[in-house]
Structure formats: structure tokens, C-alpha cells
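So the structure is just underneath, and the comments pick up after that.
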Amino acid sequence: MNTLLKRMFAFALVSGAVLSAAPDTEAATKPYEYTFEKETELFNGISSMNKVKITLDKTIELKDTNGDKKVDSRDLFDPASPETSPLYVVQKDGTERLNIIKDITQSGNVITILFKNMELVDYTNPEKWAYEIIIDKETTRFDQLEEYRIAFNIYDILPGFKSTFIDTDASIINNNVFKYNAPRDVYVHVPKVFITGIETIHRYQGVIPDQIGPALSNIDIYADEEAARLKVEFGTLFGSQYSRDIMRREDIEGFSMGQAGINQITDNQSETASEFTLRTYNEYGRFLEERKFRLKVADPKKDYIINDYVTVSPEIFGQAYSLYDLMADKTLLENIVTHIPVSQLDTLGITYAAAKKSVSVKDVEQLKMALANDKLEKIHLVNNVDLNGQALTVGRSVTIEGPAEIKGKVELKGNGISVRLNHVTVNGDLSLDIGEGGTAILEQTTVNGTTNDPATKIISANNKSVHLYNFASSNGIETANSMPIRIVTSTPIPFVKLNGTAAVTLEGEYEAVHSAQTTTLDVNQGTKIGALTVEEGKTLTVTGKGATIASYTGSIEFPDGEENVITIPPMEWTYPAELNNTPDGWAQIGKALSVQVDGEGNPIPSGTAWQVIGHSFDSSVIMHWDNEKNTLKLEGLPIEGLPFTGTIVLQGVNNKAVYNVTVPILVEG
């Protein structure tokens, strides 16, 4: 082929490359990129977490109501009202806002997001690792026509490998990590190798050998399929003509670019001045990997192709290994560290199989987050919590402890859950709807309602379930149960309103119980009720054995027999006069006494049967009581040491009433 034909052929090749279809960078990329950088917030006692830095392609421009340009980070996110801010975080594919943004800063086209409350989320469950930062449309600019969704995993913002296991004291690792997790339970998330190969073609004297022209270079960068965008910078001395922003192309499974005039690599330039910096991004704008390389020089007078820039084995990357795996396999760890410098080891994310089972919270948002994390068994309130007019639902098994106050309505609601409140004051109403298998323990807990109704309502629970220790509830307790429940109290409850249709078992002391429904009350020997009443038109069935009920009125049925169910508490007082006689007089004549009124002056029904149930004399003294004549005789009194005194106790029983009267006795000489 003659020289002219060679030149025409070369021109055709070059022209074809120029005219061929290329990826549309503007159409295919997100108008932003984002990366993760260290900040000062601690996680699990370890420094430090990462922040997200979002760089938009254009400067943020907001408009106020007057049409003036306004750039204010509070227009993007306001810590005082995160629930209405246009920038927020959700679980991937979720809609509920998560209170994990501490604050943001904004300058020009850069938004930086700082995080908080990460100890409160479930960071042990892989199904809950994926998150998204949402920026509502028309938030950053008037021409932002769609919402931005910035994806990340929880281990992207938690302290990485270097922070956790190299920069942290052993005592913190022991107490906060290894106390709950063995090395087999700590997972190290090794990022992928996104740039898997580089091939360069360099012609020092241009395309046509016998025509001197600028050096031409073709650089192909082979990349993992997740890499969708590549940004290129060359050296530090040559301006932007060598910079590139290119999209992935499928014909080479990566990226391709051309450069002209890069002759300086043979002119003893410094490494920094003559190296390429490659930065890859995924389709959502996330920064993936940075790699630097220099064109290799073989023989400046010859054409050459070089493709040995990347020698790492990508298959060991993009995996999650246990810390045990890395400790046991020296070669695996060395291969990873060879590719990832020690300074960048925080790109290895860390998660745990188990977390602390208790956490401290200081406000309502933290409390809600802790309740949403079912791995937390105990929540400690370090401050009083204001629910801001919203009811707080506790829907899982958990212990909430103070001492602290919760202002607002609290609902314990969930089927079969077990909830303990300890040293908690609820300044609002409390309801228990915990299902057939549920248990509630309310210890040193006070409920201050907001109405005249009982502040505590029990809707459902296990029939061995509600335990009250040093518990107080304004206006008492109301039951509204459709299944049997049991209430056990260690301190007197002023009032219980039975307003459900199923049986209620009461154990402990209750000053008053009122049944507003036709239902069943079960009692036992530990039950004491001051007054039991039944609403007109309703019938209360009382079962059990040996309860103490001072008085009861209304329609009450005792299917097991009233005498078996109820033990009537006696009314006790001292006889107003001392009875005197000599030893012979006590033995032969005795003394008559009349008990017609009780200690409060109420008439004692006629026909009440009396008997001596106790005395203070020697056991040899025999008591004789004549119930018809109301006469007391004492036989066997000593005649020495006269006079002396003592007492006897008479008990009278009439229908539901029991009377115990202590009678003073004088034995004269």
C-alpha cells in the first residue's frame, strides 16, 4: 500500500472514531456526586462516624416569596422541624422519616450531612442496612424537576475498620464490641475493585510515523458493571484540557478516552505532575473508587500497548468477611491491604451480629427510634420526655426505666408483649392492650390522668399478667376487657371500675371496686376490698375463696357460697366500762354486760351470737359465757396478789357482720 493510501486509511480510522456514537454524559448522569468523609460524632464509643458530602453540578439557588435569591441550609433541613424539612432519610423503599440527621451545612453547591442516633437503629439486621437521603424536587434549584435519592448502607457512615480496630483503645473494643460479639460475629465489608484493568496505547510521533504531530494516546479503563461514570484529571501542571467526564460504554465494559500531546511523561516530570487520577461513580452519583497511574514508558521510538497497570484479583473484593476470617487467613488480609492503603482502611465497613441490649435516650424522637428497634431490651430515660400532644405506642416487649416523666398519653399495645415501666411518671393516661399472652409490670410508676376518669385502663392482658408494685393512678383503674385478666398489686389501689365483660381477678388491697357491667370478679385470700358495689341493672358474680370484703351492695351472686367466698373483717373496739368482781364472785355470779352498739355507735342487730375468743389471763382460768343472759363467769382465778386486771375478747356474729369487743376486767380482794 503506497504512502497516500496509508495516510487516507489512517485518516478514515481517526474520523470514524470521532463520528461514532458516544455515551451522552449529560443525559445519563445524576446532577450531583457524593462521597463519605470522617467527622467527629462517636458511635458505640468509637471515633468516628462519617458524614455525607453531596456536590451538585450547579450552585444551589432558592427563591423566597419576593423572588430574591436565597441560599440557606435551614431551607434544606431544620433540626427544629425535621418532620417537614425537604431533606430527610428513609429506609430504602420506605416512607417513614428517620431521625438520624444531626445537622447539615451548605456552601455553594456542596451539602454536607452529619448523622446522629445511630446506636438507636437496628444496625445488626442486614435487611435494615440500606438507606436513602431524599431531597424533594425544587429544593436545591428551581429547575430540579425530580427528587434526588441518595443511597447508602449503614456501614458507610459507621466507623470503619481502621477507626474501630486500629485507632481505638483495647478497653473500648472489649466493652463495646467484644463484650457482645466474638470475632466471628463482626463483619468486615470489603468494597469492590471497581477499576479492574487499564490498557494504554501511546504513539509518540502521532498517528502517521513519517509525519511529526502531537503524541496520541488511547486509554481504556475496564470497570465493574456498577461503575457508570468516570472523571479523569491529569497531573497538576497542564490545565483542564486533559480532564474528562465520560460515561460507561458496553463495547469494552468500561470507559475509553483519548489524549493528545502528553509528551511530558518523558521529560522527567514529578510523579504527581504526570499521573492520571481516575474517579468512578455509580449511576446514582456515589463515589466508588479512586485510582492513580502513570503511562508506562517502554521505548519512546516505538508504538506499544501496555495493560499490566492493575494486578489485583477482584474476586476477593466486594465481599463481607468475618473478622475471624481475616485473622485466620493471612494471605486474604494481605491481599486486601496491598490494594487498600492503611490510610484508607476505613473504607472497609464494620457491622456487628449483636448490639448492646440497653440504650439511653433523651427526647421523644430518640425514644420512638429505640422502640422501633426490637433488639433493644431496655430503654433508659435520662430526661423527661414531652410527647407534644401525640400518643406514644409501646408495641413490643421492652423495659422503660427512669426516673423520668413522660408527658402525654402512653399506650402499651401489642399481642403477647411483655412491658415493664420502672420509675416512670406518666403525666397523661395509660392504656394496656397487650393481648392474651401479654404481661405488664408497673413498678414505682405513677399515672396522672387528665380527666376525672380512671387514668389507667386495662383492655387486654394475660390472665396472670398485670403486676403493680408501688403503683399509683389518679382516679384508679378501669378494666375494659373482653378476655380474663389478673391484677396483682403490692400497694392499695383507691378505686377499680369493672367495665369489661370478661372475668377480672383481683389480688392485693383495693379501697373500692365498682362493677359497671354484668361480669365476674375472682378473689382469693390475698384480696381485700373496702367497698364492693354493683351498678343498678347489672349483676356481679363473685368467685374464689377467703377474700376480705368490708361491705358490698347491689346484685351479687356467690355460686360457691357466700360464706366460702368472703371473710368478713371484724369491727373492733373496747368496751366502755371496766367489769369488776372478786374471784368467788366471778366464779359463782359473774358479770352481765350489754353490747347494743358498735364502736362507732351503730346499733348491733338483736340476736347476734357472742362468744369468748381470747383473754389475757393464765391458761388455767376457764371462761364461761351465757349467750342468753349475756353473763360472763371466770373460774379458777388466783386469790393471791389482789387486785389485778386483765381483758377478755368477745366476738359477735350476725349475718354479714363480725364484732370483736375487748372487755377490761378487774379482780378485787
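Below are the figures for this structure:
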| item | result |
| --- | --- |
| Candidate set: the range 156-171, residues that are farther than 14 Å from Tyr352 by Cβ and aliphatic (A, V, I, L, M); chosen: the one most open to solvent (accessible area, probe 1.4 Å) | Ile166 |
| Residues being more than 17 Å from Lys464 (Cα to Cα) and either open to solvent by 20 Å² or more (accessible area, probe 1.4 Å) or part of a strand (DSSP E or B) (or both) - total across the range 422-451 | 16 |
| In the range 458-474, the residues that are modelled with pLDDT of 95 or more and closer than 20 Å to Thr527 by Cα | Ile458, Val466, His467, Leu468, Tyr469, Asn470, Phe471, Ala472, Ser473 |
| Within the range 103-117, tally of residues that are crowded, with 17+ Cβ neighbours inside 10 Å and assigned to a strand (DSSP E or B) | 7 |
| Residues of the range 565-576 satisfying the condition of being surrounded by fewer than 17 Cβ atoms within 10 Å (Cβ to Cβ), at pLDDT 90 or above and in contact with a strand residue (DSSP E or B) (Cβ under 8 Å, 6 or more places away or on another chain) | Glu572, Trp573, Thr574 |
| Selection status of Gly585, small (Gly, Ala, Ser) and at pLDDT 85 or above | yes |
| Per-region count, the range 603-615, residues in a loop (DSSP other than H, G, I, E, B) and either within 18 Å of Val649 (Cβ to Cβ) or open to solvent by 70 Å² or more (accessible area, probe 1.4 Å) (or both) | 4 |
| Enumeration of residues in the range 513-564 that are among the aliphatic types (A, V, I, L, M) and either closer than 22 Å to Ser482 by Cα or open to solvent by 70 Å² or more (accessible area, probe 1.4 Å) (or both) | Val513, Ala516, Leu521, Val523, Leu532, Val534, Leu540, Val542, Ile556 |
| Sole exception among (1) of a type in the set (D, E, K, R); (2) in contact (Cβ under 8 Å) with a residue 24 or more places away in the chain; (3) outside any loop (DSSP other than H, G, I, E, B) for Glu600, by number | (3) |
| Residues (open to solvent by 50 Å² or more (accessible area, probe 1.4 Å) and either more than 19 Å from Val426 (Cβ to Cβ) or in contact (Cβ under 8 Å) with a residue 40 or more places away in the chain (or both)) located in the range 361-389 | Glu365, Lys368, Ala372, Asp374, Lys375, Glu377 |
| Wholly enclosed strands (runs of 3 or more DSSP E) of the range 616-669 bearing at least 2 residues crowded, with 17+ Cβ neighbours inside 10 Å, aliphatic (A, V, I, L, M) and in contact (Cβ under 8 Å) with a residue 60 or more places away in the chain | 657-667 |
| Whichever residue in the range 318-342 is of a type in the set (Ser, Thr, Tyr) and not in a helix (DSSP H, G or I) and, among such residues, is farthest from Phe194 (Cα to Cα) | Ser322 |
| Pick from the range 140-151, criterion touching a residue at least 24 places away in the same chain (Cβ under 8 Å) and open to solvent by 10 Å² or more (accessible area, probe 1.4 Å), ranking: farthest from Gly285 (Cα to Cα) | Phe142 |
| So Ile133, is it open to solvent by less than 10 Å² (accessible area, probe 1.4 Å), touching a Gly at 6+ places or on another chain (Cβ under 9 Å) and either basic (Lys, Arg) or modelled with pLDDT of 90 or more (or both) | no |
| Number of positions in the range 497-512 that are of a type outside the set (A, V, I, L, M) and open to solvent by less than 10 Å² (accessible area, probe 1.4 Å) | 2 |
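Quick grid of which residues meet (1) more than 30 Å from Phe152 (Cα to Cα); (2) among the small types (Gly, Ala, Ser); (3) at pLDDT below 80; (4) open to solvent by less than 60 Å² (accessible area, probe 1.4 Å):
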| position | (1), (2), (3), (4) |
| --- | --- |
| Arg248 | no, no, no, yes |
| Phe255 | no, no, no, yes |
| Gly258 | yes, yes, no, yes |
| Asn268 | yes, no, yes, no |
| Val297 | yes, no, yes, no |
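The values are calculated or read from the model by the stated rules, or taken from the named source; none is laboratory data. Everything quoted here is computed from the prediction, not taken from an experiment. With ideal geometry, Cβ positions are generated from the backbone for all residues, glycine too; neighbour counts draw on all protein chains shown. Just the protein is used for accessible areas: all its heavy atoms, side chains included, with ligands, DNA and RNA removed. Shrake-Rupley method; radii C 1.70, N 1.55, O 1.52, S 1.80 Å.
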